[in-house]
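Note sheet for the following structure.
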Amino acid sequence: MTTTTTSTTIRPFQMTVSREAIADLRQRITSTRFPTKELVNDRSQGVQLATTQALARYWTSEYDFGRLEARLNALPQFMTAIDGVDIHFIHVRSRHENALPLIMTHGWPGSVFELLDTIGPLTDPTAHGGTPDDAFHLVLPSLPGYGFSGEPAELGWESGRTARAWAELMQRLGYTRYVAQGGDVGALVTDLMGRQGVRGLAGYHLNLLTAVLAIGDQLPRESEEERAAAAAVATFKQDGFGYFLEMATRPQTISYSLLDSPVGLAAWMLDHDTDSYYKMSRAFVDGRPVGNLTRESIVDNITLYWLTGTADSAARSYWEDARALAASLASGQPPPPVSVPVGFTTFPGEIWASPRSWVEAVYPGLAYFNKAEKGGHFAAWEDPQLFSQEVRAAFRSLR
């Protein structure tokens, strides 16, 4: 869904799904040619047959396709063109007068759907165990090439360009002082906002230390916690790096399958990290979801990718970021320092659960750090209440 436009007007947006699109999706799922069963008893050969078959059955026979439209259209959604690309975003203002503006960025294989259940706790904290002083005005944009945002029609849309676009979005909304949050790709975008020193950014919070991919070998490995984190990074690069490497080097190749087979798309999206995979698989195979990682919400997210036809443009974002990282490393120049407060929460099920020493090595003036007792890579999605508590705590000193 390539979109190039010059209109900077902020326009209301509503999602519509045609019956024809749903019928085509169902037909494609029922026509899937499944592989034979894996020859191992775990995910070491990839997404397991029982998981994909259970997901396919649920998707065609039980899933309510009206959920997608209803959930999104119940929220204030908008479009605006920034740097020639239409950006879709959700904008929910708190009823509390002194709310702090916050822009939160999703990642891959997520979307704005992974953040929806944080809207209540963050914008209306008094209804979710907080106080009026915990309130945020919330902006949830879809990354360029993801969901309903336009697909870039030219090279150069790496996360640094998105970071500048987010700063423009916040200025356009009238927010002259705000904070930001991100995980996964969203963590990279948010960190680059800080390193670019974009106007109005007062601080940010992350739940993935993306710098590990660039300087992991330079981080300390003295304590047991540090060695465990280093081992997790090594495992990821040796045994869990397939999706990352394919999209960072050959996104076009995998896109033919992702745009043609709904079950192929679903399997590709589930095969992200071990902790999340087993939690999501459990929801379909055993009927025992973990937190908000339910069958309904997982299929909501996959269906959004399918109906918008954005698996290819989302994959290309990894290609862009890989080249931007390679160029940065080749330059030999360290990244610009961060001059605003940074907060960080480590969730135990993360791909690599970064110890405080690692986070402080990247952010010497770390303003907030906490190790959560539970949660994984999709922390906001899995446990929105816990995640919201962390966001509130991270920014409390900036109010």
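The values are calculated or read from the model by the stated rules, or taken from the named source; none is laboratory data. Please read these numbers as outputs of a predicted model, since none were measured by experiment. Here the Cβ is made from the backbone with ideal geometry for all residues, glycine too, and neighbour counts use every protein chain on show. Note: accessible area is taken over every heavy atom of the protein model, side chains too, but ligands, DNA and RNA are not part of it. Shrake-Rupley method; radii C 1.70, N 1.55, O 1.52, S 1.80 Å.
Looking only at the stretch 172-204, residues that are more than 23 Å from Arg396 (Cβ to Cβ), crowded, with 22+ Cβ neighbours inside 10 Å and out of contact with any Gly (no Cβ under 7 Å at 6 or more places or on another chain) come to 1 in all.
Scanning the stretch 75-115 for residues that are closer than 24 Å to Ala379 by Cα and more than 21 Å from the chain's Cα centre (by Cα) yields a count of 4.
Exactly one residue among Pro334, Pro341 is at negative phi and open to solvent by 60 Å² or more (accessible area, probe 1.4 Å), and that residue is Pro334. Residues that are hydroxyl-bearing (Ser, Thr, Tyr), within 16 Å of Gly264 (Cβ to Cβ) and in contact with a Gly (Cβ under 7 Å, 6 or more places away or on another chain) within the stretch 296-330 comprise just one, Thr310. Would you be able to tell me the number of residues in the stretch 15-60 that are of a type in the set (Lys, Arg), in a helix (DSSP H, G or I) and without any contact (Cβ under 8 Å) to a residue 12 or more places away in the chain? Here the count works out to 2. Just one of the listed residues (Ser276, Ser261, Ser257, Ser281) is at pLDDT 95 or above and under 18 Å from the mean Cα position of the chain (by Cα), and it is Ser276. Within the stretch 157-171, the only residue that satisfies the criterion of being assigned to a loop (DSSP other than H, G, I, E, B) and either open to solvent by less than 30 Å² (accessible area, probe 1.4 Å) or without any contact (Cβ under 8 Å) to a residue 12 or more places away in the chain (or both) is Trp157. Residues of the stretch 312-347 that are assigned to a helix (DSSP H, G or I), more than 26 Å from Thr235 (Cα to Cα) and in contact with a helix residue (DSSP H, G or I) (Cβ under 9 Å, 6 or more places away or on another chain): Asp312, Ser313. If you go through the stretch 306-316 one residue at a time, do you hit one that is at positive phi, open to solvent by less than 30 Å² (accessible area, probe 1.4 Å) and under 20 Å from the mean Cα position of the chain (by Cα)? Among the residues of the stretch 306-316, at least one is at positive phi, open to solvent by less than 30 Å² (accessible area, probe 1.4 Å) and under 20 Å from the mean Cα position of the chain (by Cα), which makes the answer yes. Within the stretch 84-97, one or more residues are open to solvent by 20 Å² or more (accessible area, probe 1.4 Å) and at pLDDT below 95.
Just one of the listed residues (Asp184, Asp133, Asp117, Asp124) is without any contact (Cβ under 8 Å) to a residue 60 or more places away in the chain and among the acidic types (Asp, Glu), and it is Asp124.
Give the stretch 285-316 a look and list any residue that's touching a residue at least 60 places away in the same chain (Cβ under 8 Å) and over 25 Å from Ser255 (Cα atoms), or say none. Val285, Val290, Gly291, Asn292, Leu293 - these are the residues of the stretch 285-316 that are touching a residue at least 60 places away in the same chain (Cβ under 8 Å) and over 25 Å from Ser255 (Cα atoms). Mind listing just one residue for me: the one in the stretch 282-296 that is part of a helix (DSSP H, G or I) and open to solvent by 10 Å² or more (accessible area, probe 1.4 Å) and, of those, nearest to Gly375 (Cα to Cα)? Among those that are part of a helix (DSSP H, G or I) and open to solvent by 10 Å² or more (accessible area, probe 1.4 Å), it is Arg282. Within the stretch 61-72, the set of residues being open to solvent by 30 Å² or more (accessible area, probe 1.4 Å) and either assigned to a loop (DSSP other than H, G, I, E, B) or more than 23 Å from Ser313 (Cβ to Cβ) (or both) comprises Ser61, Glu62, Asp64, Gly66, Arg67, Ala70.
Could you tell me whether any residue of the stretch 20-33 is within 25 Å of the chain's Cα centre (by Cα), among the acidic types (Asp, Glu) and open to solvent by 60 Å² or more (accessible area, probe 1.4 Å)? No, there is no match, as no residue in the stretch 20-33 is within 25 Å of the chain's Cα centre (by Cα), among the acidic types (Asp, Glu) and open to solvent by 60 Å² or more (accessible area, probe 1.4 Å).
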